[in-house]
Amino acid sequence: MAQSIAPGDITTQPGTKIVFNAPYDDKHTYHIKVINTGGRRIGWAFKTTNMKRLGVDPACGVLDPKEQVLVAVSCDSFQFGAEDTNNDRVTIEWTNTPDGAAKQFRREWFQGDGMVRRKNLPIEYNP
């Protein structure tokens, strides 16, 4: 069963952090490329630490080996300096899809006893 095997790696571009530049009186969008560098189909999902300010579209999906997707991370307008932004980040989680599963994302893949990997991308705000 595929879910007993550790999921392969993914690559994100950018690889370590997301940077939003001021002014913050308008919505910003930053694009992240997610590449499945492993040898198996994976299901992936993004989470954010601040649902009010940060959005991800699409928030989840399925990638075949060597396939990639462009994901838009958006930051809504906010009062810089008036809100705590120190812990803002997006996290991508991914897991192998079950053998024979359709190429359609299922939340339950992350809720069983299969192995889930995650990568954090901190968000940096330049004043």
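The values are calculated or read from the model by the stated rules, or taken from the named source; none is laboratory data. None of these values were measured; they are calculated from a predicted model. Reconstructed Cβ throughout: ideal geometry from the backbone, glycine too, with neighbour counts over all protein chains shown. Keep in mind that these areas ignore ligands, DNA and RNA; they rest on the heavy atoms of the full protein, side chains included. Shrake-Rupley method; radii C 1.70, N 1.55, O 1.52, S 1.80 Å.
Looking only at the chain, where both bridge partners belong to it, what percent of the DSSP beta bridges are antiparallel (to the nearest 5)?
Of the beta bridges lying entirely in the chain, close to 90 percent run antiparallel.
List the trypsin sites (Lys or Arg not before Pro) within the stretch 59-127 that fall in a DSSP loop (any state other than H, G, I, E or B) and whose Cβ has at most 10 other Cβ atoms within 10 Å.
Within the stretch 59-127, the qualifying trypsin sites (Lys or Arg not before Pro) (loop, at most 10 other Cβ atoms within 10 Å) are 66.
Starting from the amide H of residue 56, placed 1.01 Å from N in the peptide plane, find each other amide H under 5 Å away whose residue is 5 or more places distant or on another chain.
Those lying under 5 Å, H to H, from residue 56 are 74.
Out of 38, 112, 81, any idea which swings most in a Gaussian network model of the chain, alpha carbons joined below 10 Å?
Sorting by GNM fluctuation, first place goes to 81.
Each residue of the stretch 62-76 in order: what ³J(HN,Hα) in whole Hz does its phi give by Karplus 6.51 cos²θ - 1.76 cosθ + 1.60, θ = phi - 60°, with x for Gly and Pro?
10, 10, 6, x, 6, 7, 9, 9, 9, 10, 9, 9, 10, 10, 6
Which of these, 102, 59, 45, has the largest mean-square fluctuation under a Gaussian network model of the chain (Cα springs below 10 Å)?
Evaluated over the chain, the most mobile residue of the options is 102.
Between residue 77 and residue 17, what is 0.36 nm times their sequence separation minus the Cα-Cα distance? Round to one decimal in nm. Present the calculation step by step, with values, prior to reporting the outcome.
Working: separation 60, 0.36 × 60 = 21.60 nm, distance 1.95 nm.
Length gained between residue 77 and residue 17: 19.6 nm.
How much accessible area per residue does the chain have, in Å², with a 1.4 Å probe? Can you show the working numbers first?
Details: 7010 Å² over 127 residues.
Solvent-accessible surface per residue comes out at 55 Å².
Within the stretch 65-127, report the GluC sites (Glu not before Pro) that DSSP leaves as loop and that have at most 16 other Cβ atoms within 10 Å.
In loop regions of the stretch 65-127 (DSSP not H, G, I, E or B), the sparsely surrounded GluC sites (Glu not before Pro) are 67, 83.
For residue 9 paired with residue 111, estimate the spin-label separation in nm (one decimal), with each label point 7 Å from Cα along the Cα-to-Cβ line.
3.2 nm
Using θ = phi - 60° and the Karplus relation 6.51 cos²θ - 1.76 cosθ + 1.60, list the HN-Hα couplings for the stretch 39-44 in order, rounded to whole Hz, with x at every Gly or Pro.
Going residue by residue, I get x, 10, 5, 10, x, 9 Hz, with x marking Gly and Pro.
In a GNM of the chain with a 10 Å cut-off on Cα contacts, which of 52, 33, 17 has the highest mean-square fluctuation?
Sorting by GNM fluctuation, first place goes to 52.
Over the chain, with every protein chain in place, what whole percent of the accessible area is carbon and sulfur at 1.4 Å, could you tell me?
46 percent
Enumerate the lysines that residue 17 could reach by cross-link, defined here as Cα to Cα under 17 Å, with residues fewer than 8 away along the same chain left out.
Counting by Cα, and skipping residues close in sequence, residue 17 has these lysines nearby: 33, 47, 119.
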